[in-house]
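Only one structure is covered here, and it is reproduced in the block below.
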Amino acid sequence: MYDLYPDFNIDIETEQKKLLNADRIVLQFPMYWYSSPSLLKKWLDDVLTHGWAYGSKGNALKGKEILIAVSPGAKDEYYRRESGFGYTVNDFLRPFQATSNLIGAKFLKPFVTTGASSINDEKLSEQSKVYLKYINNENISLLGHFE
């Protein structure tokens, strides 16, 4: 996304057309400070407009699937409610789930690669294969509110 929009001037019409042509929307990003990179936040703000994505007449994305593929830097054991950061990765992704609910989309269980800051090439290659299989799976479950 940074290659497409290095100046942060997002082509809203082009992005909306891409979304209309997709059945499954994959948002893939590294997790920075328990959130997404700033350009993704701006993209959401600019592209998911009132009257198009939400509101009384905004239903362009209703029924589409949204899948988050995220790579937090810390290891898995830190993303626990009872230890570490005190929150799961899914907890940090709740704003995306709320957005999905607002636009009438189906929020699928995310694909998470923890420990991204220290992953080696072998593990990355292995995880890439798992990722490709996951995003092409037609039967990914929805993420529940308390998972």
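The values are calculated or read from the model by the stated rules, or taken from the named source; none is laboratory data. As the structure is a computational prediction, the values presented were derived from the model and not from experiment. Every residue, glycine among them, receives a Cβ derived from its backbone with ideal geometry; neighbour counts consider all protein chains shown.
Would you please name the residue that is farthest from residue 22 (Cα to Cα), looking only at residues in region 72-111 that are β-branched (Val, Ile, Thr) and within 13 Å of the chain's Cα centre (by Cα)?
That would be 89.
Return the residue satisfying two criteria in turn: it lies in region 3-46 and is closer than 17 Å to residue 65 by Cβ and among the aliphatic types (A, V, I, L, M), and of such residues it is surrounded by the fewest Cβ atoms within 10 Å (Cβ to Cβ).
20
Residue 28: modelled with pLDDT of 95 or more and either over 22 Å from residue 128 (Cα atoms) or acidic (Asp, Glu) (or both), yes or no?
Numbers: modelled with pLDDT of 95 or more: yes; either over 22 Å from residue 128 (Cα atoms) or acidic (Asp, Glu) (or both): no.
No, not satisfied.
Considering region 16-35 alone, what residues qualify as being touching a helix residue (DSSP H, G or I) at 6+ places or on another chain (Cβ under 8 Å) and either assigned to a loop (DSSP other than H, G, I, E, B) or more than 17 Å from residue 59 (Cβ to Cβ) (or both)? Can you show your working first?
The initial filter retains those residues of region 16-35 that are touching a helix residue (DSSP H, G or I) at 6+ places or on another chain (Cβ under 8 Å), namely 16, 19, 24-27, 29-31, 34-35.
24, 26, 27, 29, 30, 31, 34, 35 - these are the residues of region 16-35 that are touching a helix residue (DSSP H, G or I) at 6+ places or on another chain (Cβ under 8 Å) and either assigned to a loop (DSSP other than H, G, I, E, B) or more than 17 Å from residue 59 (Cβ to Cβ) (or both).
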